[in-house]
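The values are calculated or read from the model by the stated rules, or taken from the named source; none is laboratory data. A quick note: this is a predicted structure, and the numbers were derived from the prediction, not measured. Note that each Cβ is placed from the backbone with ideal geometry, even for glycine, and that neighbours are counted across all protein chains shown.
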Amino acid sequence: MGRMRMFPLMGVPMGGGGNPINTLAPAIAAAAVIGTEQAGDNGTWVPAADTYTYQRQRYVAGEWVNIVAATDFNYTLVDADFGYALRLEVTATNAAGSTVAYSNATNLVIEAPAQSLGGELMLDGDMELNNTNNWQGYDGGLASKQTATPHGGARNLRATIGAGNNVGGAQQNNILTIGGWFETSGWNRSDGTVVPTLTSLGGPNVFITLPISANWQNYRTFSRAVGDDLVLRGVGGSDANWLEWDDLSTTALTLNAQLIAPSANMRLDFKYTLPVSPIVGSQVWILPRISDFAGGNNWRGVIQYTGAQWNINLYTVAANVATSRVSAVNVGTTNGMRVNMNADSISLYITANGTDWTQIGTTITNDTYKTAVGVNALWTSDVTPGQLIYAAAV
């Protein structure tokens with residue numbers, strides 16, 4: 001009987017020679033969040049390599065593309081990774097040569113958005129000082145300190161409507177930065193006739209319109225200033241009508257960075273936690289297809305608390321003027337808002353558990369900012385942000 005020949009297993013080297021062969025692929029974590037450091041894993045090689053080199057890659061338009069300068073063992077995810085899957089390329093080298101192997105792909109990279117509040121800008125917002133030096137009448141209105149039934153402390157500020165113009169109130173000059181974003185909060189009541197608003201003078205930009213209330217109501221809102229004066233303004237009423245304000249606060253709002261989505265045909269989710277005891281004006285924005293955020297040109301999904309219920313709207317915004325496209329009232333407490341934009345087909349959804357999504361209204365057709373790929377999210381400080389998630393439109 002002839003002598004049996006033994007053949008080596010395919011891919012498994014005999015002895016110690018030859019290029020390194022990858023027997024267990026490199027690996028990276030599937031979870032991928034902007035700003036976090038992701039460790040590499042060489043995998044297993046036989047024979048052992050003398051050196052390893054690394055290259056992180058993004059999956060862009062159907063192919064893996066090297067990320068410039070991402071050649072370290074560990075990698076910190078950046079804004080440009082948003083919405084893409086990543087992988088790690090490992091090159092193992094020994095005296096015989098080099099071999100390349102690839103890790104698993106991550107999930108699509110998400111953002112854990114963050115924004116911050118600066119220092120107090122308003123002078124004597126608690127109204128405790130018995131003077132009006134920091135407050136001036138606006139458009140014929142008068143501003144005076146009151147001691148009768150203040151909301152808190154010793155005094156509050158009363159703004160009396162100016163004769164004949166129905167828009168009088170009180171203002172502080174030069175406390176806002178034009179083009180900046182601000183959060184404003186405080187307490188307000190009126191005589192039951194005048195509609196109270198907060199405005200930055202200089203353009204079509206109302207910080208907030210409050211429900212008319214004869215009782216003190218707490219509010220919080222954010223908005224972009226188109227002028228540098230903040231006005232506590234009444235709409236409607238006449239000479240004898242008034243509004244009162246107390247414990248006012250205005251702070252600069254530093255937004256999370258605007259991101260660029262891989263495609264304008266996007267399904268964009270923003271997950272968050274709403275306050276248990278919301279106040280008037282509490283809100284959450286999701287911004288898909290930002291064409292020019294500073295110029296006020298974008299799509300805007302808004303969840304807002306009116307004092308009695310949460311309402312939702314989807315707007316197109318041009319030069320800061322919003323036009324409602326989809327809306328619903330009393331949608332309950334949500335923890336996620338979704339906009340699905342596929343070409344000119346647009347639909348809005350909410351979720352109360354983070355998993356099951358309910359469409360609001362009907363799918364609409366609109367080609368405003370059809371090719372814009374900017375995305376962002378904003379929220380008042382009583383909302384806890386979660387995740388901003390991109391996926392391809394469906």
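Would you point out the residue of the stretch 295-320, among those that are polar (S, T, N, Q) and free of Cβ contacts under 8 Å to residues at least 40 places away in the same chain, that is nearest to THR209 (Cα to Cα)?
Among them, the one singled out is GLN304.
With (1) in the same structural domain as ASN218 (by TED's automatic domain parsing); (2) out of contact with any strand residue (DSSP E or B) (no Cβ under 9 Å at 6 or more places or on another chain); (3) under 30 Å from SER263 (Cβ atoms); (4) of a type outside the set (Asp, Glu) as the list, and VAL68 as the residue in question, which single condition is left unmet?
(1)
Show the residue pairs meeting these rules: Cβ distance below 6 Å; 6+ apart or different chains; first residue within the stretch 356-373 and at positive phi; second residue surrounded by 13 or more Cβ atoms within 10 Å (Cβ to Cβ) and aliphatic (A, V, I, L, M).
The qualifying pairs are GLY361/VAL326.
Taking ASN330 as meeting all but one of (1) on the phi < 0 side of the Ramachandran plot; (2) over 16 Å from the mean Cα position of the chain (by Cα); (3) of a type in the set (S, T, N, Q), write down the number of the exception.
(1) is the only condition that ASN330 fails.
Could you please tell me which pairs satisfy a Cβ distance under 6 Å, a separation of 6+ or placement on different chains, a first residue in the stretch 210-229 that is within 16 Å of LEU255 (Cβ to Cβ), and a second residue that is small (Gly, Ala, Ser) and modelled with pLDDT of 90 or more?
Note: pairs meeting the criteria are THR221/GLY281; ALA225/GLY180.
Say we look at the stretch 182-196 and pick out the residues that are closer than 18 Å to LEU123 by Cα and not polar (S, T, N, Q); which of these is surrounded by the fewest Cβ atoms within 10 Å (Cβ to Cβ)?
Here the answer is TRP187.
Any residue that is closer than 28 Å to ARG224 by Cα, surrounded by 13 or more Cβ atoms within 10 Å (Cβ to Cβ) and of a type outside the set (S, T, N, Q) - is there at least one of those in the stretch 63-80?
yes
Would you confirm, using the coordinates I've provided, whether ASN133 is more than 34 Å from the chain's Cα centre (by Cα), modelled with pLDDT under 85 and at negative phi?
Yes; evaluated as a whole, the condition is true for this residue.
Conditions tested, residue by residue: (1) assigned to a loop (DSSP other than H, G, I, E, B); (2) within 33 Å of the chain's Cα centre (by Cα); (3) at pLDDT 85 or above; (4) β-branched (Val, Ile, Thr).
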position: THR99; (1), (2), (3), (4): no, no, yes, yes
position: ALA114; (1), (2), (3), (4): yes, yes, yes, no
position: GLY125; (1), (2), (3), (4): yes, yes, yes, no
position: GLY137; (1), (2), (3), (4): no, no, no, no
position: THR149; (1), (2), (3), (4): yes, no, no, yes
position: ALA154; (1), (2), (3), (4): yes, no, yes, no
position: LEU157; (1), (2), (3), (4): no, no, yes, no
position: ALA163; (1), (2), (3), (4): yes, no, no, no
position: GLN171; (1), (2), (3), (4): no, yes, yes, no
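For the stretch 343-353, enumerate the residues that are surrounded by 14 or more Cβ atoms within 10 Å (Cβ to Cβ) and either among the aliphatic types (A, V, I, L, M) or more than 16 Å from ASN311 (Cα to Cα) (or both).
Answer for the stretch 343-353, where residues must be surrounded by 14 or more Cβ atoms within 10 Å (Cβ to Cβ) and either among the aliphatic types (A, V, I, L, M) or more than 16 Å from ASN311 (Cα to Cα) (or both): SER345, ILE346, SER347, LEU348, ILE350, ALA352.
Just the residues that are among the aromatic types (Phe, Trp, Tyr) and over 21 Å from ALA32 (Cα atoms), please, taken from the stretch 88-102.
none
Specify which of the listed residues (SER291, SER223) is polar (S, T, N, Q), under 26 Å from GLY336 (Cβ atoms) and assigned by TED's automatic domain parsing to the domain that holds GLN172.
One residue alone meets the criteria, SER223.
Determine which single condition SER213 fails, assuming it passes every other condition in (1) assigned to a loop (DSSP other than H, G, I, E, B); (2) at pLDDT 95 or above; (3) under 24 Å from ASP124 (Cα atoms).
(2)
Of SER282, SER249, SER263, which residue is in the same structural domain as THR334 (by TED's automatic domain parsing), within 21 Å of PHE182 (Cα to Cα), touching a residue at least 12 places away in the same chain (Cβ under 8 Å) and among the polar types (S, T, N, Q)?
Of SER282, SER249, SER263, the one residue that is in the same structural domain as THR334 (by TED's automatic domain parsing), within 21 Å of PHE182 (Cα to Cα), touching a residue at least 12 places away in the same chain (Cβ under 8 Å) and among the polar types (S, T, N, Q) is SER282.
Please enumerate the residues belonging to the stretch 101-112 that are closer than 30 Å to THR384 by Cβ and either modelled with pLDDT under 95 or not aliphatic (A, V, I, L, M) (or both).
Selection gives THR106, ASN107, GLU111.
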